[in-house]
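Enquirer: Got a structure here, written out as structure tokens. Questions coming.
The values are calculated or read from the model by the stated rules, or taken from the named source; none is laboratory data. Because the structure is predicted, anything quoted here is derived from the model rather than measured. Positions of Cβ are generated from backbone atoms using ideal geometry, with glycine treated the same way; all protein chains shown enter the neighbour counts. Ligands, DNA and RNA are stripped out before the accessible areas are found, and what is left, the full protein with its side chains, is counted by its heavy atoms. Shrake-Rupley method; radii C 1.70, N 1.55, O 1.52, S 1.80 Å.
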Amino acid sequence: MADRVTVIGWDGSPLTAAAKSALSAATLVAGAAHHLALPEVPPGAERIRLGSIDLAARRIAGHRGSAVVLADGDPGFFGVVRTLRAPEHGLEVEVVPAVSAVAGAFARAGMAWDDAQVVVAHRRTLRRAVNVCRAHTKVAVLTSPGAGPAELALLLDGIHRTFVICEELGTEREQVTVLTSDKAADHVWRDPNVVIVIGGVGTTASPGSGWIAGRDPGYPPAERGWALPTEEYGVELDEGESTWLRAAQLARLGARTGDLVWDIGCGSGALAAEAARFGAAVIAVDAEPGACASTAAAARRACVQLQVVEGRAPHVLERLPEPDVVRIGGGGLDVVTACADRRPERIVTHAATRDEAEAVGTALAAGGYEVECALLQSVGLDTGDWSERERSVVFLVSGQRPESGP
């Protein structure tokens with residue numbers, strides 16, 4: 001086993017005394033090509049070109065001597081340290097950090113970043129990274145080959161954002177480019193790069209000094225909780241958007257950061273805005289211009305980002321990106337079937353009668369979904385004299401794709 005493993009972060013600035021000392025004693029050095037070309041790397045040391053970190057860790061574990069791993073930026077921030085410290089490798093690791101690529105990118109842009117979301121985009125996580133860019137006004141994306149600025153821009157089709165693209169930070173070829181997202185796909189970008197994605201309405205951070213990195217869950221100020229009362233939206237909500245039905249639908253959807261939610265037949269936009277408050281990206285669809293306007297107003301009131309699409313389902317759904325969860329507020333069995341064909345993890349809707357609920361459940365089951373149905377009854381009481389104020393009875397129907405788990 002290696003006597004010692006030192007992980008050195010490199011941001012293009014001269015190496016520190018601690019980094020130089022560790023390198024001078026190294027009998028094995030692992031890193032990218034530009035790391036291995038550094039003059040401080042001992043000429044007699046074994047060199048490993050980093051590809052798979054797991055493979056490199058196994059080779060380091062079998063090496064007798066002092067090993068050094070060179071990595072860009074802060075190796076403890078979405079870097080190699082996590083893999084090297086995995087129990088199966090048994091390595092004791094010392095870290096000499098540098099400025100992270102994200103911190104460097106925001107420094108080049110002259111922007112604060114304590115209110116930014118930070119995501120990693122690989123081919124398998126690109127869609128979720130894009131959903132975060134849809135849902136938030138300031139996002140830093142650590143890209144990778146095949147999941148870079150051009151791919152981000154293509155998947156953001158229809159969403160206007162500004163890209164600050166920082167290529168090869170810390171090297172002689174460093175370049176910072178600012179352009180709109182619709183132009184990013186027209187260029188070839190050099191790796192490694194970091195993309196700062198900025199745009200949208202409202203804000204995700206409290207003014208002045210904050211207390212938590214990323215999105216402050218308490219800002220903008222809003223009534224605590226979710227499934228807010230109808231007066232929060234300034235419009236009259238129909239039975240399909242009642243507070244308690246909305247609460248049950250949101251609970252079954254389980255929308256979260258990185259998800260894309262379709263809200264079909266969005267009506268007032270109450271559910272769409274509340275799903276966005278959970279950090280999910282939301283596309284709200286309705287055939288009525290008035291409903292689209294109400295939904296946009298609900299988003300502004302909640303200071304959240306969502307996309308409103310005017311059109312009639314199921315035809316309008318064909319051009320939308322793939323959803324993770326879907327709420328159907330109206331449209332009939334054709335819409336249920338069209339949504340099931342897109343294979344989201346969950347589909348949630350409601351029905352006014354048992355026959356309607358059975359028909360929806362049959363359509364979901366035919367699409368390969370496990371179906372749940374519950375009869376929800378809520379009675380609002382006037383607490384002044386405890387008299388009945390309003391009553392609602394509705395069937396909540398939800399389908400879950402079996403392979404998606406609970």
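Enquirer: Return the only residue of Arg47, Arg128 being over 30 Å from the mean Cα position of the chain (by Cα) and of a type in the set (Lys, Arg).
Expert: Values: Arg128 fails: over 30 Å from the mean Cα position of the chain (by Cα).
None of the others qualify; the one that does is Arg47.
Enquirer: Considering only residues that are closer than 30 Å to His35 by Cβ and open to solvent by 30 Å² or more (accessible area, probe 1.4 Å), which ones fall in the stretch 150-167?
Expert: Within the stretch 150-167, the subset closer than 30 Å to His35 by Cβ is 150-153, 163-167.
Passing the criteria: only Glu151.
Enquirer: In the stretch 314-403, which strands (runs of 3 or more DSSP E) lie fully inside it and hold 3 or more residues that are over 24 Å from Ser268 (Cβ atoms), open to solvent by 50 Å² or more (accessible area, probe 1.4 Å) and touching a helix residue (DSSP H, G or I) at 6+ places or on another chain (Cβ under 7 Å)? Break it down stepwise before answering.
Expert: Values: elements: 325-328, 346-351, 370-382, 387-400.
Here the list reads 370-382.
Enquirer: Related question: State all residues of the stretch 94-121 that are closer than 14 Å to Ile8 by Cα, open to solvent by less than 40 Å² (accessible area, probe 1.4 Å) and not small (Gly, Ala, Ser); if no residue qualifies, say none.
Expert: Passing the criteria: only Val96.
Enquirer: Need pairs with beta-carbon distance below 6 Å; first residue under 16 Å from Val261 (Cβ atoms) and within the stretch 304-323, second open to solvent by 40 Å² or more (accessible area, probe 1.4 Å) and among the basic types (Lys, Arg); sequence gap 6+ or separate chains.
Expert: Val304/Arg277
Enquirer: Kindly indicate whether Ala359 is more than 24 Å from Glu274 (Cβ to Cβ) and in contact with a Ser or Thr (Cβ under 7 Å, 6 or more places away or on another chain). Outline the logic, then answer.
Expert: Working: more than 24 Å from Glu274 (Cβ to Cβ): yes; in contact with a Ser or Thr (Cβ under 7 Å, 6 or more places away or on another chain): no.
No.
Enquirer: What are the residue pairs meeting all of these: first residue in the stretch 31-49, first residue within 17 Å of Thr171 (Cα to Cα), second residue part of a strand (DSSP E or B), Cβ atoms under 6 Å, and 6 or more apart or on different chains?
Expert: What qualifies is Gly31/Leu70; His35/Leu70; Leu36/Arg47.
Enquirer: If you go through the stretch 280-295 one residue at a time, do you hit one that is of a type in the set (Ser, Thr, Tyr) and touching a Cys at 6+ places or on another chain (Cβ under 9 Å)? Please lay out each step first, then the result.
Expert: As a first pass, look at the stretch 280-295 and keep what is of a type in the set (Ser, Thr, Tyr): 294-295.
This time we only want the ones that are touching a Cys at 6+ places or on another chain (Cβ under 9 Å), so: 294-295.
Taking every residue of the stretch 280-295 in turn, at least one turns out to be of a type in the set (Ser, Thr, Tyr) and touching a Cys at 6+ places or on another chain (Cβ under 9 Å).
Enquirer: Anything in the stretch 373-390 that is without any contact (Cβ under 8 Å) to a residue 40 or more places away in the chain and either touching an Asp or Glu at 6+ places or on another chain (Cβ under 7 Å) or within 19 Å of Gln249 (Cβ to Cβ) (or both)? List them, or say none. Full working, then the answer.
Expert: Step one: of the stretch 373-390, the residues without any contact (Cβ under 8 Å) to a residue 40 or more places away in the chain are 373, 375, 377, 379-390.
The answer is Cys373, Leu375, Gln377, Val379, Gly380, Leu381, Arg389, Glu390.
Enquirer: Would it be correct to say that Ala284 is crowded, with 23+ Cβ neighbours inside 10 Å and out of contact with any His (no Cβ under 6 Å at 6 or more places or on another chain)? Full working, then the answer.
Expert: On the way: crowded, with 23+ Cβ neighbours inside 10 Å: yes; out of contact with any His (no Cβ under 6 Å at 6 or more places or on another chain): yes.
Here the answer is yes, as Ala284 does meet what is asked.
Enquirer: In addition: Within the stretch 79-93, how many residues are in contact (Cβ under 8 Å) with a residue 40 or more places away in the chain and surrounded by 16 or more Cβ atoms within 10 Å (Cβ to Cβ)?
Expert: From the stretch 79-93, those in contact (Cβ under 8 Å) with a residue 40 or more places away in the chain are 79-81, 84, 90-93; that's our starting set.
The next check asks that each one be surrounded by 16 or more Cβ atoms within 10 Å (Cβ to Cβ); those that pass are 79-81, 84, 91, 93.
Here the count works out to 6.
Enquirer: Related question: Tally the residues that are at pLDDT 95 or above and among the polar types (S, T, N, Q), restricting the search to the stretch 1-20.
Expert: Within the stretch 1-20, residues that are at pLDDT 95 or above and among the polar types (S, T, N, Q) number 1.
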